[in-house]
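Student: Sharing a structure here in structure tokens format.
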Amino acid sequence: MPQDDHFKKRYPTLEQNAVLNATARAVLVNALAGTGKTTTLAIKAADLIRTQGASRILMLAYSEAGLAAIAQRLEKFVPTIPRQVQIMTVEQLCATVLKEQGDPLVRVAEPLHKSLLVRQAHAALLQDDALDGSPEVGDFRSRDLDVQAFIDFEAQAKQRLLLRAIDQSELGAGPYCREHQLDYGLYQLLVKYERLRRGLNNEPQFYAPGDCTYEIATQLGELDFGDAFAPLQGRFDAVLFDELQDLDEAAMMVLRTLVQGGNGLFVGAGDFNQHILPGAFSVFGDSLARIRQELPADTQVVALNTTYRFGNAICQGLNPLFGVEFSAHYPTKPAAFERRSYTDDEDCARQLLAIHDAVLHQPPPLSQSSQSPTSPTAPCLNVVLRSPEDSILLEWMFAHEGVHYTCKGMKRFYQRREIALVLAIMGAMQGCGDGVRLTQGILSSAMDGLLRYVRRGSQPDQDVLANGAFDMQALVEDSPAEVDTRVVAAELIGKRDLMRRFLVRASFNPQAPVASPLCEQLLALPPEACADAGQLCGHPLVLQLFAQAPISPDELRYCTDSLGALARICAGLSVDEFLGRLALMVQASIQQHTQQEASSLQLLTVERCKGHEYDYVAVPLVERGRFPRSAARQDAYRERNMLYVAMTRASKRLWLLEGSQRPVSPGPV
């Protein structure tokens with residue numbers, strides 16, 4: 001039997017059998033990466049159906065990717081997923097309950113629509129004379145609205161049940177926000193937004209992602225102590241939950257109600273080294289104990305430390321770095337861990353190219369030796385990055401070396417809205433040659449950037465807002481053709497004068513007012529400004545364009561870092577030379593995609609690689625303060641866990657590339 005086939009034979013470890021044979025009504029599985037926690041839950045579900053006659057099993061995960069993993073594992077033990085098993089997220093479960101309650105579930109999933117609704121709530125807040133006159137609110141009302149900052153604040157406020165916590169604290173909203181270092185202005189906007197979302201009759205008018213869980217958690221919070229919640233009472237014979245580490249307060253309240261509501265056996269599994277979501281209450285501290293206190297007192301805790309994913313060499317590299325206790329299920333499984341040092345980003349990129357070349361020359365597995373090297377199973381190096389801006393130099397160097405790469409969890413650098421907007425401005429400037437043409441994809445992203453950093457939405461009916469309702473008609477009217485960025489991009493290709501006008505006015509209407517004086521000033525610069533594209537990226541007008549945008553300090557920092565990385569790759573090149581090289585890079589990518597060529601290198605974000613495994617993984621640009629980033633105590637665990645997630649994706653070979661000046665090892669991180 002070929003060695004690779006042998007290692008695919010998976011039998012429960014003694015640790016997994018402890019889960020499968022547990023007699024407690026509630027079991028909490030504390031699992032390390034690759035130890036088969038999802039597989040264990042799938043085996044348990046199959047056993048409950050076959051030997052115990054369970055007819056109603058709920059399998060929960062926090063994410064859509066988690067649902068796919070559950071379904072994939074379950075299909076290994078049952079031919080087809082039986083009707084007895086429901087696989088869903090907590091949000092989907094809560095949506096089901098709301099439907100059963102007879103509530104209409106009007107969805108708002110389009111980000112643009114959500115953004116326009118937030119702007120309406122902000123307009124209502126500005127005209128609210130009854131609002132308190134605190135300095136924090138006055139300062140907030142005097143600033144431009146940062147829609148993304150509010151959306152992030154709203155998500156975490158609902159996940160952590162902020163309004164309920166403020167009521168229970170008896171401090172009042174202002175003192176509570178100050179004590180917990182929360183933006184009091186964003187809190188007031190949240191209150192206004194929720195009042196408008198719920199309408200005059202206090203019935204939700206629509207649900208954005210996360211609102212269903214929040215609504216059910218709110219209903220649960222209104223119950224008297226000990227009262228049952230009928231919709232989640234005695235509904236299932238067993239509840240099996242994966243990705244327990246990602247739970248937030250609202251989802252935990254729903255889960256606790258399920259566990260205490262006569263729903264049979266509960267088995268929950270999580271790798272608490274992988275809680276990297278900002279809203280998860282287990283981001284820092286003793287997360288296992290935090291979840292443990294929400295479960296019945298006799299809950300049995302089982303640990304899974306034996307990994308199927310990688311062999312001893314990788315285990316021995318990870319254990320001291322993270323202070324964990326990995327052991328390999330297959331001690332003889334081929335695995336290698338290599339720690340490298342780099343002097344600067346260019347040196348790191350060159351080392352990645354060398355690693356990529358070594359991966360391509362790996363001998364194919366015996367069972368695949370007759371397959372084409374361009375088949376989906378051909379070797380591929382997976383490069384996991386902490387920050388998307390770190391990909392810019394890597395993409396530029398990879399493309400110029402002829403490497404066919406793909407990006408997962410992020411767009412290619414020239415399709416990101418902040419960079420695409422700058423590219424569009426470059427292409428429309430007086431010093432750029434007429435032969436330069438940007439693709440529809442780049443222009444579409446540029447128009448998205450224009451909407452994000454420049455354009456303002458039209459004003460809704462103030463009387464409608466004053467009456468405590470969103471102006472839904474304005475929502476429709478504020479979505480003209482200019483908002484469909486791909487349509488706009490198609491109209492602008494090859495029409496430089498039209499593109500210049502659109503960049504300035506954010507409209508096809510030549511009589512529309514100037515939306516961006518800064519774009520107008522940039523386009524009026526003399527041709528000499530295009531002599532060095534790198535210097536143009538750092539031009540004060542370009543930096544001011546983003547500095548004046550209604551975005552958060554974190555997003556501004558990201559945009560500034562991206563522009564700095566862009567400036568480095570085009571330094572010394574004229575705009576024509578840079579855009580010409582970029583065009584060749586884009587054309588090669590389009591051709592590879594058209595011909596369905598398999599990529600030999602993937603660039604992934606940490607968030608995108610979570611839950612997956614790959615044969616060959618490189619984790620570059622690892623430096624203290626960069627990856628993991630410097631962070632306050634409450635986020636330091638999250639940064640440490642980001643590195644843990646990145647490094648535990650490898651199954652055969654793992655490379656850690658550390659900055660020579662600020663290495664993270666020896667550990668623990």
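Student: Out of curiosity, is Asp484 at pLDDT below 90, touching a helix residue (DSSP H, G or I) at 6+ places or on another chain (Cβ under 7 Å), surrounded by 14 or more Cβ atoms within 10 Å (Cβ to Cβ) and not assigned by TED's automatic domain parsing to the domain that holds Ala130?
Tutor: no
Student: Considering only the range 224-239, I want to know if a residue exists there that is assigned to a helix (DSSP H, G or I) and either hydroxyl-bearing (Ser, Thr, Tyr) or in contact (Cβ under 8 Å) with a residue 40 or more places away in the chain (or both).
Tutor: Yes, because at least one residue in the range 224-239 is assigned to a helix (DSSP H, G or I) and either hydroxyl-bearing (Ser, Thr, Tyr) or in contact (Cβ under 8 Å) with a residue 40 or more places away in the chain (or both).
Student: Considering each residue of the range 290-336, count those that are closer than 26 Å to Glu249 by Cβ and polar (S, T, N, Q), and give that number.
Tutor: Residues flagged as closer than 26 Å to Glu249 by Cβ and polar (S, T, N, Q) within the range 290-336 amount to 3.
Student: Can you name every residue in the range 581-626 that is at pLDDT 95 or above, within 26 Å of Thr35 (Cβ to Cβ) and not in a helix (DSSP H, G or I)?
Tutor: Matches in the range 581-626: Gln602, Leu604, Thr605, Tyr614, Asp615, Tyr616, Val617, Ala618, Val619, Val622.
Student: Here is a follow-up. With respect to Lys114, determine if the residue is within 20 Å of Asn202 (Cα to Cα) and either modelled with pLDDT under 90 or loosely packed, with under 15 Cβ neighbours inside 10 Å (or both).
Tutor: Yes.
Student: Here's something else I'd like to know. Across the range 627-652, what is the number of residues that are part of a helix (DSSP H, G or I) and aliphatic (A, V, I, L, M)?
Tutor: So the count comes out to 6.
Condition check ((1) in contact with a helix residue (DSSP H, G or I) (Cβ under 9 Å, 6 or more places away or on another chain); (2) free of Cβ contacts under 8 Å to residues at least 24 places away in the same chain; (3) closer than 13 Å to Trp655 by Cβ; (4) outside any loop (DSSP other than H, G, I, E, B)) across all residues:
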{"position": "Glu294", "(1), (2), (3), (4)": "yes, no, no, no"}
{"position": "Val302", "(1), (2), (3), (4)": "yes, no, no, yes"}
{"position": "Asn319", "(1), (2), (3), (4)": "no, yes, no, yes"}
{"position": "Tyr330", "(1), (2), (3), (4)": "yes, no, no, no"}
{"position": "Lys333", "(1), (2), (3), (4)": "yes, no, no, no"}
{"position": "Glu338", "(1), (2), (3), (4)": "yes, no, yes, yes"}
{"position": "Glu346", "(1), (2), (3), (4)": "yes, no, no, yes"}
{"position": "Ala354", "(1), (2), (3), (4)": "no, yes, yes, yes"}
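Student: How many of the residues in the range 548-573 are more than 21 Å from Tyr453 (Cβ to Cβ), in contact (Cβ under 8 Å) with a residue 60 or more places away in the chain and out of contact with any Phe, Trp or Tyr (no Cβ under 6 Å at 6 or more places or on another chain)?
Tutor: Qualifying residue count, the range 548-573: 1.
Student: Just a yes or no: is a residue in the range 362-379 assigned by TED's automatic domain parsing to the domain that holds Pro620, under 27 Å from the mean Cα position of the chain (by Cα), surrounded by 16 or more Cβ atoms within 10 Å (Cβ to Cβ) and at pLDDT 95 or above?
Tutor: No, that holds for no residue.
Student: I would also like to ask the following. Got a sec? Which of Gln245, Gln274 is outside the structural domain of Arg629 (by TED's automatic domain parsing) and in contact with a His (Cβ under 6 Å, 6 or more places away or on another chain)?
Tutor: That would be Gln245, the only listed residue that is outside the structural domain of Arg629 (by TED's automatic domain parsing) and in contact with a His (Cβ under 6 Å, 6 or more places away or on another chain).
Student: Still on this model: Considering only the range 78-100, I want to know if a residue exists there that is over 30 Å from Arg197 (Cα atoms) and crowded, with 21+ Cβ neighbours inside 10 Å.
Tutor: For the range 78-100, residues over 30 Å from Arg197 (Cα atoms) and crowded, with 21+ Cβ neighbours inside 10 Å: present.
Student: Which of the numbered conditions does Cys559 fail, given that it passes all the others? Conditions: (1) farther than 30 Å from Phe140 by Cβ; (2) at pLDDT 95 or above.
Tutor: Condition (1) is where Cys559 drops out.
Student: Additional query: Hey, could you check the range 51-105 for residues that are part of a helix (DSSP H, G or I) and among the basic types (Lys, Arg) and say which is farthest from Leu232 (Cα to Cα)?
Tutor: Filtering the range 51-105 for residues that are part of a helix (DSSP H, G or I) and among the basic types (Lys, Arg), the one farthest from Leu232 (Cα to Cα) comes out as Arg73.
Student: What residue, among those in the range 166-197 that are among the charged types (D, E, K, R) and at pLDDT 90 or above, is nearest to the chain's Cα centre (by Cα)?
Tutor: The extreme case among them is Asp183.
Student: Test Val422 against the stated conditions and say whether it is outside the structural domain of Gly611 (by TED's automatic domain parsing), outside any loop (DSSP other than H, G, I, E, B), in contact (Cβ under 8 Å) with a residue 40 or more places away in the chain and among the aliphatic types (A, V, I, L, M).
Tutor: yes
Student: Just the residues that are out of contact with any helix residue (DSSP H, G or I) (no Cβ under 6 Å at 6 or more places or on another chain), over 13 Å from Ala349 (Cα atoms) and part of a helix (DSSP H, G or I), please, taken from the range 378-411.
Tutor: Answer for the range 378-411, where residues must be out of contact with any helix residue (DSSP H, G or I) (no Cβ under 6 Å at 6 or more places or on another chain), over 13 Å from Ala349 (Cα atoms) and part of a helix (DSSP H, G or I): just Pro388.
Student: Among (1) within 19 Å of Leu421 (Cβ to Cβ); (2) touching a strand residue (DSSP E or B) at 6+ places or on another chain (Cβ under 7 Å), there is one condition Leu579 misses while meeting the rest; what is its number?
Tutor: The number of the failed condition is (2).
The values are calculated or read from the model by the stated rules, or taken from the named source; none is laboratory data. Since the structure is predicted, the reported quantities are computational estimates derived from the model, not experimental observations. Ideal geometry is used to build each Cβ from the backbone, glycine not excepted, and the neighbour counts take in all protein chains shown.
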